[in-house]
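A short worksheet on the structure shown next.
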Amino acid sequence: MSALIAGVGMHPWGKWGRSFVSYGVHAAREALADAGVAWTDVDLVVGGETVRNGYGGYVAGSTFASALGWNGARVATSYAACATGAQALDTARARIMAGLSEVALVVGADTTPKGFLAPNAGERWDDPDWLRFRLLGMTNPAYFGLYARRRMDLYGATSADFAAVKVKNSRHGLTNPNARYRKEVSVEEVLGSAVVADPLHLLDICATSDGAAAVVLVSPAYAERHGLGDLVRVAGISTVTPTFPNTVLDMPMLATDPAAVHGTPEHTFKEAIGRAVYEEAGVDPADVDLAEVYDLSTALELDWMEDLQLCKRGEAEVLLRAGETTLGGRIPINPSGGLACFGEAVPAQALAQVCELTWQLRGQAGDRQVEGARVGITANQGLFGHGSSVLLTR
């Protein structure tokens, strides 16, 4: 038995100046209406935690349940940095598969600060996220720049290639009603924007945003009893951790593990995330029709294509240049517009990816529809060994 997606909903991304709770409630009600499921039928609420919003953010499951109106449902709260939404979804799916729940509502929402996402105040000398700011001043874009430079050195990527990713995604997001940025840009505009972390320019890097996403999961038995029809299936979720030695730098660490004694691992951490979800779902990478990946920077989108085995190492730029990653191409990447058009709302983003794939597999994506889509995959990576991939089929 697996879990089925009965409904999805979102609050548009932007800077709205309101509580994350209001965004989450909006998304939850959208998802319940999309599913045709009554709030009173929900027996489990899983909230994606947002650590910048005080006590209410740390107990997001009960926060959302209270705001929607106490109905006696069980609650859980998940935190996994950028992978929070997928971890919350996995918690709900596990209880459904165990026969402990029939209808689960999963909600992620965020109200972000202006500028860099920095650690909370206070001295924490065993916290690598705090240490990178205190010792090196290493903001997130500084890491993105290192990853981009690595790609240039290994595979010959250029700044124009990175800019082309932004151009593609800006075109994809033009008509997405939930996207924050709906304006087409050119390669020249990207390259002409300010350098933030060499070789990346301002338009290569995603913003921080407010936003929310929600998913209603149901058991097959509930779907059958209520005549919910041909629903999208959650075929697999991966939340694996790194394996020692971890020889590719992962944010927020300041160094990699030594490989001199133990040798180089067979797969990197990000490769392992994708491999685990394919194995669980019983799906071959060649069968994937589209992907929503965490384009914190334009260069990272290219890395994810290879980490998910959608092409061989060093071939992502080849597919990009040939137009194979845009709508109408062989494997469209980020048809929603990705973070380039949304910005980052941490607990919500992995669920937003699932929302987009659900609309795509239902054939409801409008102008950004991937024709004949039947299999979709997501990927993202958070701090502290968190990462995730969700694979949906129909």
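The values are calculated or read from the model by the stated rules, or taken from the named source; none is laboratory data. In this text, all values refer to a predicted model and were calculated from it rather than measured experimentally. Because the Cβ atoms are built from the backbone with ideal geometry, glycine has one as well, and the counts that use them run over all protein chains shown. Accessible surface is based on the protein model in full, side chains and every heavy atom, while ligands, DNA and RNA are left aside. Shrake-Rupley method; radii C 1.70, N 1.55, O 1.52, S 1.80 Å.
Here are the numbers for this structure:
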item: Computed over the range 337-382, Kirkwood Rh from alpha-carbon pairs, angstrom; result: 11.4 Å
item: Rounded if a/c under 1.5, otherwise prolate or oblate - the range 111-242, Cα gyration tensor axes; result: oblate
item: Segment residue 18-residue 160, extension gain: residue separation times 0.36 nm, minus the distance between their alpha carbons; result: 47.4 nm
item: Relative contact order of the chain, defined on C-alpha pairs under 8 angstrom at six or more residues apart (%); result: 25 percent
item: Size of electric dipole in the range 247-394: Cβ of Lys, Arg +1 and of Asp, Glu -1, about Cα centre, debye, nearest 20; result: 260 debye
item: Accessible-area ranking of 269, 116, largest first, probe 1.4 Å; result: 116, 269
item: Rounded accessible area of residue 79 (nearest 10 Å², 1.4 Å probe); result: 80 Å²
item: Extension reserve of the residue 367-residue 33 stretch, reckoned as 0.36 nm per residue once the Cα distance is removed; result: 118.0 nm
item: Residue 71-residue 120 pseudo-label distance in nm [points 7 Å out on the Cα-to-Cβ vector]; result: 3.0 nm
item: Accessible surface, the chain, averaged per residue in Å² (probe 1.4 Å); result: 39 Å²
item: Solvent-free Debye scattering, log10 I(q)/I(0), computed from the Cα coordinates of the chain at q = 0.08, 0.11, 0.14 Å⁻¹; result: -0.37, -0.73, -1.22
item: Spin-label zone in the range 134-152 - amide nitrogen under 11 Å from a point set 7 Å from the Cα of residue 254 along the C-beta vector; result: 134-138
item: Order of exposure, largest accessible area first, which applies to 264, 158 with probe 1.4 Å; result: 264, 158
item: For the range 19-79: Kirkwood Rh in Å [reciprocal of mean 1/r, alpha carbons]; result: 11.6 Å
item: Largest to smallest accessible area among 168, 312 [probe 1.4 Å]; result: 312, 168
item: Taking the range 304-351 and dividing mean pair separation by its residue count, relative contact order in percent (alpha carbons under 8 Å, at least six apart); result: 17 percent
item: Rough spin-label spacing in nm, given labels placed 7 Å along Cα→Cβ, for residue 40 and residue 174; result: 4.7 nm
item: Quarter of Cα convex hull surface for the range 231-372, i.e. mean projection, nm²; result: 9.5 nm²
item: Euclidean distance between Cα centres, the range 90-120 to the range 210-278, Å; result: 14 Å
item: Of 217, 357, 231, the one that fluctuates the most in a GNM where the chain has Cα springs shorter than 10 Å; result: 231
item: Of all accessible heavy-atom area on the range 262-377, the percent that carbon and sulfur account for (1.4 Å); result: 43 percent
item: C-alpha center-to-center spacing [the range 345-368, the range 146-177] in angstrom; result: 21 Å
item: Estimated inter-spin distance, residue 262 and residue 287, nm [label 7 Å along Cα→Cβ]; result: 3.3 nm
